[in-house]
Amino acid sequence: MESSEQKWDVQFRKGSLEMAILALLHQEPQYGLQILHKLHEFESLQITDGTLYPLLDRLKREGVIDSFWLQEGEDRPRKYYKLSAFGIDKLTALKARWQQSVDDIYALFEQSGLATKTR
Amino acid sequence: MARSELIHDYLAELQIYLSRVSEVQAQEVVQEIESHIYDTLAMQQGAEDSTVEAILARLGTARELAAGYIDHITIGVAPPKGLKPLSRVRKGISKSLYYLICVLGYGSGSALLLVALLKLLLPSSFGVWVAEHGNSLVIAFSQLEPQANEIPALWLIPMASLCGAGLLYLTRQTARILKMHL
């Protein structure tokens, strides 16, 4: 049975995973396995291999990322993903909304006595 | 099963389940997954979860993985609301078509095999006759009919078994494809 934390993770992830992938691709193009490993460095962003690839496909169809095949040396060709111009705009907007949302929730915590004012 | 065989089978199955996207797109997905599997194998050599089985398990079954791709495509092009009853009717048709094909195909296939088997076991009391100048066939248990227009066992047994087996195979393939689209 899923623990309640896992259920929360699923809920959180629905919105945040997309943003996390866009943020990961902000620096440089990466292929699926690289993205997967990076996401696994963060406890709440761990997804299975079988979830990542269809998600990348969806983001590509939405036009926020582009893909290209690259063969380096003797390695087999890999499919790299990079942010599209639209994706960069979307990431900027998502980041602002995310920040707003975190600020709002934190302010609510403060009002409810759940957090002390540190800022 | 050998490692490469497992991977090959998985990718072949994935390609089949991706039949609803264009062939080029399906091919690209398969290539990407193939590259992922071999990269993971190379990077995790010696690690505990580096077996092909473990890697494939993390991808999910070929059917589940393909569904991940197909779901957002089909959701993306959902028909307008007015078409909902229509799609339900169409789904109903394909479902009844599926059962019809199963009943007819498996039924006729088994019947042909049964004819071959009966002729083999009871050569003198069972047979198939050509009647009405070639316009119809009579399949019967009988010893009284004239033997002239009976299809000889030498022909009947191999032909009936071959057609029966062929029909069963075709039905199975068709049913598999239809089931995927149900």
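The values are calculated or read from the model by the stated rules, or taken from the named source; none is laboratory data. Computed from a predicted structure; not experimentally measured. Here Cβ is always computed from backbone atoms with ideal geometry, including for glycine, and neighbour counts include all displayed protein chains. With ligands, DNA and RNA removed, areas are computed over all heavy atoms of the protein, side chains included. Shrake-Rupley method; radii C 1.70, N 1.55, O 1.52, S 1.80 Å.
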query: Which residues, counting only those in the stretch A:61-100, are within 20 Å of B:V29 (Cβ to Cβ) and among the small types (G, A, S)?
result: A:G63, A:S67, A:S84
- request: Go through the stretch A:59-80 residue by residue and tally those that are touching a Ser or Thr at 6+ places or on another chain (Cβ under 8 Å) and more than 10 Å from chain B (Cβ to nearest Cβ).
  value: 6
- prompt: With B:Q45, B:Q27, B:Q15 as the choices, which residue is more than 10 Å from chain A (Cβ to nearest Cβ), at pLDDT 90 or above and over 22 Å from B:A175 (Cβ atoms)?
  reply: B:Q27
- request: Give the residue that is nearest to the other protein chains (Cβ to nearest Cβ), with candidates limited to residues of the stretch A:17-34 that are open to solvent by 30 Å² or more (accessible area, probe 1.4 Å) and not in a helix (DSSP H, G or I).
  value: A:P29
- prompt: Where residues in the stretch A:35-56 are within 13 Å of chain B (Cβ to nearest Cβ) and in contact with a strand residue (DSSP E or B) (Cβ under 9 Å, 6 or more places away or on another chain), which of them is nearest to B:M43 (Cα to Cα)?
  reply: A:I35
- request: Under 6 Å between Cβ atoms, at least 6 apart or on separate chains: pull out the pairs that start in the stretch B:1-26 with a residue that is open to solvent by 60 Å² or more (accessible area, probe 1.4 Å) and end on any residue that is not hydroxyl-bearing (S, T, Y).
  value: B:R3/B:V52; B:E13/B:A62; B:R20/B:I70
message: Yes or no: the stretch A:95-107 includes at least one residue that is assigned to a loop (DSSP other than H, G, I, E, B), open to solvent by 30 Å² or more (accessible area, probe 1.4 Å) and without any contact (Cβ under 8 Å) to a residue 60 or more places away in the chain.
response: no
